[in-house]
Amino acid sequence: MRITIDALPLLFRSAGVKNYLYYWIRHLHCMPGADVRLFPFLGEAASLDHRKALAGPVAAFFRLGLFFLMNRMPAAFSQPWFPATDVFHSTRILNPPRRAKLTATVYDLTCWLLPDAHLPSNVAFEKRFADTIWKRADGLIAISESSRNDAVRLLGIPQEKIEVIYPGIPEAYFSVDARDVDRVRAGLGLYRPYLLYVGTVEPRKNVDLLLDAYAALGSSFADEFDLAIAGSYGWASEATMRRLQSSPPNVRYLGYVPEGDLPALFSGAAAFVYPSLYEGFGFPVAQAMAAGVPVVTSGVSSLPEITGSAAVLVDPRSQAELRGAIETVLTSPSLRERLSAEGPIRARRFSWPDGARRSLEFFARVVSGPR
């Protein structure tokens, strides 16, 4: 079966969708019977770096230019550029090949639920993509029940058209060498116990509430635990970045941490705190659970679905509730022990090989469906 995946997000500076595509495609390549091709004319990505495209700058410029033209020219212009394929899986292309079955992934519906957390241009594109691709697709993959339910409720897409296939967690997060933890901590200057946040710094991730809650813990906690924040700056984060770069007491802004160092960074943390306002899946939360780190996160969107009982859930609008949950985790050895034990068990539900296998079965059903 020939599967062509629109892999344009691999050319962007991004995090969640790029992470998903990178690992999903790599594991699809390993599936017997899957002839996977990446559009526009991308080979297999060798490494993952969220700061840059998985292609040279000239190659990326050409491909992004082609994408720009294909989404703005009449549909007939785009057709000669597509390879012959049985399935076309779109992520950004609005004029997909006409003779292939059309599929796509529903990541989240933040542009409908939290439009102020995005640029107006992004909101407009996502709504156009939903009308042009999601609503006419032969089948859709949702990365959580939460995302599927939102698509059904907000867009009226039939539930039976959407299959939930969870992303996976790389094996490296489940078995971290203590020597790697020491190396990464020394390289980042993390010499004291630390609370950890990993994610893009942008309004939806709610980093300002985390900073407020940490400051409200008081000196008895701050003198023992630093707050380490890892992640690149995102949209509308200027005020938050100024706050981080002003060196608040015991707050360590680490910036971008390479993908290969993240398992050790997670594993070395006393707790992982992630008060996001909405997640389609929540990769950092699942990664922290896999590493056996106690998790405090939001009780909204997909996060209760992903964590089950393996995390402490809070109202992401309440500083007092977040502060109280952090205090509880830090002062309760029995709670930390339970969360550390349950986290990896829960995270084992999210397997890239299983997700790739189920995706291939999904594609086969779509291809064999009515024309």
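Condition check ((1) in contact (Cβ under 8 Å) with a residue 60 or more places away in the chain; (2) closer than 30 Å to residue 220 by Cβ) across all residues:
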position: 333; (1), (2): no, yes
position: 336; (1), (2): yes, yes
position: 339; (1), (2): no, yes
position: 350; (1), (2): yes, no
position: 368; (1), (2): no, no
Select from the stretch 163-181 the residues that are touching a residue at least 40 places away in the same chain (Cβ under 8 Å) and part of a helix (DSSP H, G or I) and write down the one among them that is surrounded by the most Cβ atoms within 10 Å (Cβ to Cβ).
173
Could you look through the stretch 95-145, keep only residues that are touching a Leu at 6+ places or on another chain (Cβ under 8 Å) and among the polar types (S, T, N, Q), and pick out the one that is surrounded by the fewest Cβ atoms within 10 Å (Cβ to Cβ)?
132
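Could you please let me know if residue 121 is at pLDDT below 95, out of contact with any Cys (no Cβ under 7 Å at 6 or more places or on another chain) and among the polar types (S, T, N, Q)?
Answer is yes for this residue.
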Residue hits (the stretch 326-371; more than 19 Å from residue 138 (Cα to Cα) and not in a helix (DSSP H, G or I)) are 332, 348, 349, 350, 351
Candidates 102, 188, 109, 113, filtered to the one that is modelled with pLDDT of 95 or more, under 18 Å from residue 287 (Cβ atoms) and among the aliphatic types (A, V, I, L, M)
188
Tabulated pairs, the stretch 206-221, first touching a residue at least 40 places away in the same chain (Cβ under 8 Å), second among the basic types (Lys, Arg) and surrounded by fewer than 20 Cβ atoms within 10 Å (Cβ to Cβ), C-beta under 7 angstrom, 6+ apart or interchain
211/243
Regarding the stretch 242-259, can at least one residue be identified that is modelled with pLDDT of 95 or more, in a helix (DSSP H, G or I) and surrounded by fewer than 24 Cβ atoms within 10 Å (Cβ to Cβ)?
no
Keeping to the stretch 218-241, report how many residues are modelled with pLDDT of 90 or more and touching a helix residue (DSSP H, G or I) at 6+ places or on another chain (Cβ under 6 Å).
2
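Need at least 2 residues that are under 23 Å from the mean Cα position of the chain (by Cα) per element, so show me which helices (runs of 4 or more DSSP H) inside the stretch 67-162 make the cut, counting only ones lying wholly within it.
On the way: elements: 75-78, 110-113, 120-129, 145-155.
Those helices (runs of 4 or more DSSP H) span 110-113, 120-129, 145-155.
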Residue 251: on the phi < 0 side of the Ramachandran plot, touching a Pro at 6+ places or on another chain (Cβ under 6 Å), touching a residue at least 40 places away in the same chain (Cβ under 8 Å) and among the β-branched types (Val, Ile, Thr), yes or no?
no
Taking the conditions exactly as written (assigned to a loop (DSSP other than H, G, I, E, B) and among the aliphatic types (A, V, I, L, M)), does residue 236 satisfy them or not?
yes
Which of the following residues is out of contact with any helix residue (DSSP H, G or I) (no Cβ under 7 Å at 6 or more places or on another chain), exposed (fewer than 13 other Cβ atoms within 10 Å of the Cβ) and modelled with pLDDT under 90: 39, 68?
68
Looking only at the stretch 294-313, which residues are surrounded by fewer than 24 Cβ atoms within 10 Å (Cβ to Cβ) and either under 15 Å from residue 195 (Cβ atoms) or aliphatic (A, V, I, L, M) (or both)?
300, 310, 312, 313
Is it the case, given these coordinates, that residue 323 is assigned to a loop (DSSP other than H, G, I, E, B) and either surrounded by fewer than 24 Cβ atoms within 10 Å (Cβ to Cβ) or out of contact with any Lys or Arg (no Cβ under 9 Å at 6 or more places or on another chain) (or both)?
no
Tally of residues being farther than 25 Å from residue 219 by Cβ, touching a residue at least 60 places away in the same chain (Cβ under 8 Å) and in a loop (DSSP other than H, G, I, E, B) across the stretch 291-316
4
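The values are calculated or read from the model by the stated rules, or taken from the named source; none is laboratory data. Quick caveat: nothing in here was measured; it's all calculated off a predicted structure. In this analysis, Cβ positions are derived from the backbone assuming ideal geometry, glycine residues included, and neighbour counts consider all displayed protein chains.
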